[in-house]
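The structure appears below as structure tokens.
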Amino acid sequence: MQMYNMKKPVIVVILLSIVAAIGLSALDKLGNTRRSIEGLPEPVQTDAIGMVQMTAAGYKIVVSYRYAYDMDVLVAHTKDYFSWDIGDQISPRDLTLIWGKVAQYNSEVDFHWSQMARRTIFALDSSVDTYRLFGGDAEMETCISNNHIIPADDEVRWKLKMVRAGDHIRLKGYLVRVDGIRSDGETFYWYSSTTRNDVGDGACEVIYTTDIEWL
């Protein structure tokens, strides 16, 4: 029987484990980068007419344009959705996007961003005075959005996967109405918000996204 010296493999495994741990830690930090950017404008929304059709999860889907949409924004958080559900199939990732004073004071106010169930959630460590520094609730209602991103093609889908918290991006596309119907009569719909000052259910933007650019 041939004997092997197990000391080197053990050392190699330990070193690989350390490197992997460092790598995961770095990726975790990369995916949770806190950053502030001053002067980011409100998204530009203009009239648009058009539609596209697609199929997903057994549904025939019509995506109708409501407005053209152009955003110069800071990414506060990202959330992936994996399932055979129609929503997850057409929109595999949500982005929490911020601009205005929320983006300007994102670091100073110590927001803790998270997302779940297609919603954005945040908590604060900062004092009330710091929160008021940038406008408090009134500013939060107008300078933040949770966005269901529907990639227009494979290139946009790939770019969407690359987006990380802390990225400064320009996102272009359309605010849309999504209507789907299955052969058994089951229906699905998503109607995008078209205003920046709504909150709660129905306040998310549904964006048929045609381009993502890093700034």
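Structure notes:
- Spin-label proximity, R157 to the range 71-113 - amide N less than 19 Å from point 7 Å beyond Cα toward beta carbon: 79-95
- 3J(HN,Hα) from dihedral phi, the range 71-88, Karplus parametrisation 6.51/-1.76/1.60, rounded to Hz, x for glycine, proline: 10, 10, 9, 9, 7, 8, 6, 10, 8, 8, 10, 10, 5, 8, 4, 4, x, 5
- Shown is the FRET efficiency for T194 and R170, computed with R0 = 25 Å from the Cβ-Cβ distance and rounded to the nearest 0.05: 0.80.
- Taking the number of Cβ atoms within 10 Å of each Cβ as an exposure proxy, the fewest-first ranking of D70, D179 is D70, D179.
- In summary, the convex hull built on the alpha carbon positions of the range 30-214 has an orientation-averaged projected area of 10.1 nm².
- Efficiency of FRET from Cβ geometry, Q53 and Y81, R₀ 25 Å, rounded to 0.05: 0.65
- Cβ-based exposure ranking for C204, C143, in which fewest neighbours within 10 Å come first: C204, C143
- Net charge in the neighbourhood of A203 (other residues with Cβ under 10 Å of its Cβ; Lys, Arg +1, Asp, Glu -1) is -2.
Rule-based calculations on the coordinates, nothing more; no lab input. For clarity, every value in this text was computed on a predicted model and none was experimentally measured. We place every Cβ from the backbone using ideal geometry, glycine too, and count neighbours over all the protein chains shown.
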